[in-house]
Amino acid sequence: MANIIVLGAGLGGTAAAYEIRAVLGREHTVTLVGDGPRFSFTPSNPWLALGSRKREDIGFPIAAPMSHHDIRFVEVPAEKVLAAESRVRLRDGQVLDYDYLVIATGPRLAFDEVPGLGPDGHTQSVCTADHAQRAWEAYQTFLDAPGPVVVGAAAGASCFGPAYEFVLLLDADLRKRKLRQRVPITYVTPEPYIGHMGLGGVGDSKGLLEHELRQREIKWITSAKVLGAEAGKLRLQEVDARGAAVGESELPFAYAMLLPAFTGVDAVRGIEGLTNPRGFILIDEHQRNPRFRNIFAAGVCVAIPPVEATPVPTGAPKTGFMIESMVTAIAHNLREEIAGRQPDARATWNAVCLADMGDTGAAFVALPQIPPRNVTWAKQGKWVHLAKLAFEKYYLHKIRTGNTEPVYEKYVLKLLGIERLRPPVKHSQGDLP
């Protein structure tokens, strides 16, 4: 019997716990370690921050659904992974032993890399449900005295979708409130152009998003490095195509929402052979750490190099379906490992992104996410808005029931050419398996 621990009870961790249980059966022990008692659907945070959702709409206590699938849930987060000992020390002093560890913690939010950035400084965030709730409270205060708004991301950020979604939803909400004429909006980003998204663009994402921002009279500043935030003021440095500074400026704001860069969480940072210098988990093509071969990783905590060098650093995002494909590969590879066989499952890392814009939306598909790609497109329409609403309800239902890939999802995505696993590598006679 194998003892498997999954660190992180977000999108990746909950899916991993359920899928590992489904693939391995009930003869093995699966423990999910989270940070607090609730699961929260992170993609809904922009809605929460603007008041169209409440906390109870986008999350629920996770212990009971996990227990139904014979998965132990521990709501105390990890303090340190003791990789050489195959143990995890929790913040309350508990020490858990494991045969296999799956790290799906998500990131540490590096607000500290920019003075004054973040909810404890002078700007808002939608990275967590707590942050989004605080952003909503600040937004209500802002509505009493509207003024300039700045939305965007700091240098090194890798998840631009929520920033685009937030700025477009904000515009739609202000128009409904008849306040838009009192609110100049500026989008600030380290991306070299609008629609880059840390991916070198997806289809015509540049044209699509530039058009949407222009139509809504949202100004933008690209290749921008946020130097710091003060009360009512953002300091920026702009650079040229070679990365040389071309000047500094200040942007006034009455409300600002900026996404930070990410690092690995403190529990794994500084472990030689496990992480890179930023604390992200090093993995091979089977989602397994090359040094500690009983450790696997999925999601935002995984080390993926930037798609391309940009004048101001940007990272490669890890989107929802990409994370699910990593999870599926891990579950299959754990089954092979436990049976004494060589793991052979490889995630596709296909990307499917739905961004709501109020009464319309934009969809981006990159197969795979990292170039060169087989398929890439970006489309806009009301159908995306409706699809995002449906997806939220559908995904929350999946986590409540533990069915991580319903039959209809599997075959609908297959018809679109979107698979979770890459075809197995064929070996010639005499090759090692």
Are any of the residues in region 169-182 closer than 20 Å to residue 310 by Cα, out of contact with any helix residue (DSSP H, G or I) (no Cβ under 8 Å at 6 or more places or on another chain) and of a type in the set (A, V, I, L, M, F, W, C)? no
Is there a residue being over 30 Å from residue 272 (Cβ atoms), modelled with pLDDT under 95 and in contact with an Asp or Glu (Cβ under 7 Å, 6 or more places away or on another chain) anywhere in region 120-128? no
Single residue of 233, 206 found to be charged (D, E, K, R), surrounded by 15 or more Cβ atoms within 10 Å (Cβ to Cβ) and touching a Pro at 6+ places or on another chain (Cβ under 8 Å): 233
Of the residues in region 88-131, how many are within 24 Å of residue 76 (Cα to Cα), polar (S, T, N, Q) and surrounded by 20 or more Cβ atoms within 10 Å (Cβ to Cβ)? 2
Scan region 3-23 and tell me whether some residue there is without any contact (Cβ under 8 Å) to a residue 40 or more places away in the chain and open to solvent by 10 Å² or more (accessible area, probe 1.4 Å). no
Taking region 156-188 on its own, how many of its residues are of a type in the set (A, V, I, L, M, F, W, C), under 19 Å from residue 253 (Cα atoms) and open to solvent by 10 Å² or more (accessible area, probe 1.4 Å)? 3
Could you please find all residues in region 300-325 being part of a loop (DSSP other than H, G, I, E, B), open to solvent by less than 20 Å² (accessible area, probe 1.4 Å) and among the polar types (S, T, N, Q)? 314
Go over the candidates 43, 65 one by one and state the one that is open to solvent by 10 Å² or more (accessible area, probe 1.4 Å), under 30 Å from residue 275 (Cβ atoms) and touching a residue at least 24 places away in the same chain (Cβ under 8 Å). 43
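The values are calculated or read from the model by the stated rules, or taken from the named source; none is laboratory data. Not measured: the values here are computed from a predicted model. No Cβ is skipped: glycine too gets one built from the backbone with ideal geometry, and neighbour counts run over all protein chains shown. These area figures cover heavy atoms from the full protein model, side chains too; ligands, DNA and RNA do not enter into them. Shrake-Rupley method; radii C 1.70, N 1.55, O 1.52, S 1.80 Å.
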